[in-house]
Amino acid sequence: MLKNYIKIAWRNIIRHKSYSAINIAGLAVGVAACLLIFVVVQYELSFDKFQPNYKNIYRVVMKQTSENGINYMEGVPYPMPDALRIDFPQAKFARLITDYGALITANSNTQNAGAGTNKFIEPIGVLFIEPQFFEIFKHKWLSGDKSALAQPNMLVLSKSSADKYFGDWKHAVGKLLKIDNLISARVAGIIEDAPSNSDFQLKVMISFPTLKPYLKAYNFEDNWDNVGSNSQVFMMLPPQTTPGTIEAQFKGFVTKHYNPNNIYSRVHFLQPLSNMHFDTRFSNALGDHLTNMATIRTLMLIALLIIVMASINFINLSTAQSVGRSKEVGIRKVLGSSRAQLINQSLGETGLIVIVSVILAIVIAWLSLPFLKNIASVPDDISLISIGSVLFLIAVVLFIVLLSGIYPALIVSGFKPVLAIKNKITAASIGGIPLRRVLVIGQFAIAQLLIIGTIVAVQQMNFVNKADLGFNKDAVLVMPGNSDSVSISKMYGFKQQLLQNPAVKSVSFASDQPSSNNNWAANFYFNNSTKDLGYETFYKMADADYFKTYGLRFVAGHGYEQSDTLSQAVVNETFLKKLGIQNPNNGIGKTVRLGAKGKWASIVGVVADFKTNSLRDAVKPIMIFPRKKFESVVAVKLSTTNLAESATQLQKLWETTYPDYAYTGYFLDDNIAQFYKQENQLALVYKIFALIAIFISCLGLYGLVSFMVVQRTKEVGVRKVLGASVGSIVYLFSKEFMILIACSFAIAMPAAWYMMTGWLQNFVYRINLTPGVFVVAVFASLIIAWLTVGYKAIKAALANPVKSLRSE
């Protein structure tokens with residue numbers, strides 16, 4: 001019986017090639033898209049779940065409140081981990097301090113780590129770490145063990161890092177590495193590389209005792225006032241202890257250790273490891289990206305909608321096609337087939353089409369896999385086939401077979417034998433027209449939802465990419481350096497050499513560029529007052545050429561004089577407005593001081609507000625002043641002529657001037673574009689899936705119109721004989737679909753408005769959702785639908801009526 005079902009199903013697929021091709025194409029594209037989304041979602045949701053203590057590991061984080069608002073920080077004060085061990089002896093703690101952009105100097109000689117060396121910059125993954133870390137987080141040791149990290153001047157490498165520094169990890173143990181041209185440490189162990197789905201991409205792990213003599217060099221102070229994101233502590237809770245119990249005790253801990261006169265209200269709480277990869281309140285200081293759960297939910301919703309659209313096609317075409325098979329069903333019933341057998345046969349045919357579609361979908365997804373990294377932060381070697389993806393495909397097959405097959409099966413099996421044999425079954429008599437209309441409306445509502453999402457996302461990202469940032473980001477080459485004494489001594493000479501290049505317009509040394517992820521801030525005093533204002537100002541340290549190099553615009557006063565220390569300062573408009581000073585000229589001559597022990601500086605200039613971070617954030621109050629010790633980032637404003645050649649020349653000059661440091665220059669506009677990597681990826685996702693939705697919708701429309709043309713061949717012939725024009729025939733076939741698409745717009749518009757309004761809330765600076773966006777979407781849908789319907793409709797209208805009537 002099963003063999004017979006399969007044989008008949010295959011014959012029907014072959015007999016109705018066009019309908020089968022439409023069904024298979026729609027399902028294959030839809031399933032391929034869903035499979036790729038599943039691979040991305042599965043990867044993102046798997047972060048650090050391989051850790052055996054995954055559910056009991058937490059990061060101690062801080063909520064800090066001041067007049068500036070609420071600020072969430074993943075960092076803790078330097079002395080806090082030791083205090084936690086005393087006050088919470090029941091839990092395990094491990095702290096780590098990240099050395100961002102560390103310079104690693106390696107050589108094959110174990111004696112002198114200065115000559116014949118190779119230099120590497122590690123943006124993340126270089127940590128001062130305690131051995132307790134490996135009691136909480138489990139890693140495979142290839143050589144050595146965690147006890148080595150209890151001794152000063154010892155370090156542990158990941159396997160890939162050891163291969164990179166020494167050629168072969170097996171030869172690395174016992175060798176020396178120099179960190180930041182400051183610390184020499186010996187390799188005491190090797191661990192296996194962390195999986196790509198981990199936010200702990202450990203590369204160089206330096207024993208924590210090594211840091212203590214260099215606290216000042218790394219800008220750490222042994223007090224409770226300073227907090228940075230690079231100082232973190234993790235806790236493993238003992239069994240039967242809840243996070244709420246610990247968090248309740250944190251209140252007394254804060255009262256005990258923090259200064260009660262601090263301007264901040266600080267609250268500590270526990271962030272689960274399971275939430276670390278998705279909590280956008282905090283930066284991902286240890287990994288390479290965060291993923292907003294809203295993005296995950298959006299991807300899952302898109303996948304579901306695409307599957308539903310493909311299933312709608314199947315239902316529409318199957319119910320329409322069932323009219324042509326009415327005589328076959330009638331004969332089967334007369335010969336004794338039960339309704340259950342007819343349902344099984346119909347579901348079998350559906351299953352066969354779905355299986356063929358899934359096989360084709362796997363091929364499409366496999367061919368598309370190399371391009372997946374363009375729409376998601378996934379590794380190059382991500383696998384398409386896994387236990388999870390196989391189970392997903394099985395679930396998809398069952399879902400589509402049941403969703404797409406049940407209704408057509410019930411329709412076919414319910415035919416009355418007498419009417420079926422006499423060919424009296426019509427599309428109207430099976431009651432499928434209202435359902436098909438509803439399904440077409442649903443299908444195009446989904447397509448329009450994605451079209452609107454695409455338009456809004458593209459417009460917002462165009463707005464972001466073209467927004468006036470308040471400074472000039474074009475043709476600015478940024479070269480991060482070092483602030484040690486050797487580098488500082490070469491700053492002036494290097495600057496003069498740069499200015500001798502005819503392509504160089506201006507050069508500035510600073511702590512960072514105008515728009516960056518840096519959020520250095522401090523409390524401050526204004527105009528010789530002894531009263532703390534109760535909120536922070538953010539600050540940047542830069543030389544006098546900073547304003548010229550970045551094109552910052554002065555609205556009052558001027559830049560400060562060249563100086564190595566703080567005596568004059570420039571502020572932005574927001575700085576003064578928060579103080580109640582609306583006229584920038586009234587701020588000139590006022591004084592400002594950072595911290596209670598800082599030096600008073602005179603405000604000599606006010607610059608127009610510029611975007612201090614990404615456009616997701618509001619402009620912050622900013623104070624800019626000189627302090628040579630921290631001016632380690634070189635910015636060079638270049639002529640746009642032969643830009644690449646100029647950059648190469650400057651790189652060679654850098655490497656000649658600073659032979660002990662690795663070059664890591666980049667253009668400022670490329671760096672700013674990285675702020676919006678995930679948003680740009682999401683905009684691309686909308687584009688791709690809107691096209692897929694349109695493709696599937698058009699396949700469905702084409703199939704339905706093709707069926708209608710066949711069913712109404714005689715009607716069209718009669719109408720033409722009676723004088724109907726080509727236009728009236730085309731209108732006959734297209735009017736219904738135009739009405740249905742208009743109805744679908746009424747459903748899609750509020751849903752799209754709600755979704756995209758929520759997405760735009762992520763940006764302080766954003767476009768307005770205007771009616772034009774929705775008008776464009778509905779007209780695009782109407783044009784696409786008409787082009788799809790029009791081809792078949794015109795072909796039917798131009799057909800010879802004599803031939804149509806004779807064949808009937």
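The values are calculated or read from the model by the stated rules, or taken from the named source; none is laboratory data. Since the structure is predicted, the reported quantities are computational estimates derived from the model, not experimental observations. Note: ideal-geometry Cβ built from the backbone for every residue, glycine included; neighbour counts use all protein chains shown. What goes into the accessible areas is simple: the full protein's heavy atoms, side chains included, and nothing from ligands, DNA or RNA. Shrake-Rupley method; radii C 1.70, N 1.55, O 1.52, S 1.80 Å.
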Exercise. Which one, (i) 67, 39, 37; (ii) 54, 33, 21; (iii) 63, 33, 25, gives semi-axes √(5λ) of the Cα gyration tensor in Å as derived from the coordinates shown?
Worked result: (iii)
Seminar exercise, completed: Bridge orientation stat for the range 48-187 from DSSP, antiparallel percent rounded to 5, came to 90 percent
Seminar exercise, completed: Once all protein chains are kept in place, MET300 shows an accessible area at probe 1.4 Å, nearest 10 Å², of 100 Å²
Exercise. ³J(HN,Hα) across the range 586-595 via Karplus (A = 6.51, B = -1.76, C = 1.60, θ = phi - 60°), whole Hz, x for Gly/Pro?
Worked result: 6, x, 5, x, 5, 10, 9, 9, 8, x
For this session: Just grab the label-to-label distance for VAL555 and TYR100, each label 7 Å out from Cα along the Cβ direction, in nm (one decimal).
Result: 2.8 nm
Problem set entry | Radius 14 Å from Cβ of THR245, net charge of other residues (Lys, Arg +1; Asp, Glu -1) | -1
Seminar exercise, completed: For the pair PHE371 and SER274, the simple spin-label estimate (label points 7 Å beyond Cα toward Cβ) gives in nm 3.7 nm
Seminar exercise, completed: Around TYR72 (Cβ within 9 Å, Cβ-to-Cβ, excluding TYR72; K/R +1, D/E -1) the net charge comes to 0
Problem set entry | CD proxy at 222 nm, helix term only [per DSSP H run n ≥ 4: -39500 (n - 2.57); per residue of the chain; nearest 500] | -15500 deg cm²/dmol
Problem set entry | Förster radius 30 Å - calculated FRET efficiency between ASN153 and ILE121, Cβ distance, rounded to 0.05 | 0.90
Exercise. For the range 152-232, what is the percent of antiparallel DSSP beta bridges, rounded to the nearest 5?
Worked result: 60 percent
Problem set entry | Residue-by-residue Karplus 3J(HN,Hα) for the range 669-677, coefficients 6.51, -1.76, 1.60, Hz, glycine and proline x | 5, 5, 5, 5, 4, 5, 4, 10, 4
Exercise. All other residues with a Cβ under 13 Å from the Cβ of ASN472 taken together, and with Lys, Arg as +1 and Asp, Glu as -1, what is their net charge?
Worked result: +3
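Considering every pair of different Cα atoms, what Kirkwood radius, in Å, is found for the range 739-781?
Taking the inverse mean of 1/r over all distinct Cα pairs, the range 739-781 comes out at 11.3 Å.
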Exercise. Say the dipole of the range 162-239 comes from +1 at the beta carbon of Lys and Arg and -1 at that of Asp and Glu; which of HIS171, ALA217, PHE234 then lies farthest toward its positive end?
Worked result: HIS171
Problem set entry | Amide proton proximity set for ARG616, modelled H, under 5 Å, gap of 5+ | VAL764
Exercise. Say a paramagnetic label sat at a point 7 Å from the Cα of ASP474, along Cα to Cβ; which residues of the range 492-506 have their backbone N under 18 Å from it?
Worked result: 503-506
Problem set entry | Extension gain, LYS677 back to ILE794 (0.36 nm per residue minus Cα-Cα distance, nm) | 37.6 nm
Problem set entry | Whole-Å semi-axes of the ellipsoid equivalent to the range 60-185 (Cα gyration tensor, √5λ, descending) | 32, 19, 12
Exercise. What are the lysines whose alpha-carbon lies under 21 Å from the alpha-carbon of LYS590, with same-chain residues fewer than 8 places away excluded?
Worked result: LYS531, LYS540, LYS577, LYS578, LYS599, LYS620
Seminar exercise, completed: Each label sits 7 Å from Cα toward the beta-carbon; between SER728 and GLU221 the label points are separated, in nm, by 9.0 nm
Seminar exercise, completed: Farthest towards the positive end of the dipole of the chain, among PHE675, VAL778, VAL41 and with Cβ unit charges of +1 on Lys and Arg and -1 on Asp and Glu, lies the Cα of VAL778
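What is the antiparallel percent of DSSP beta bridges lying wholly in the chain, to the nearest 5?
80 percent
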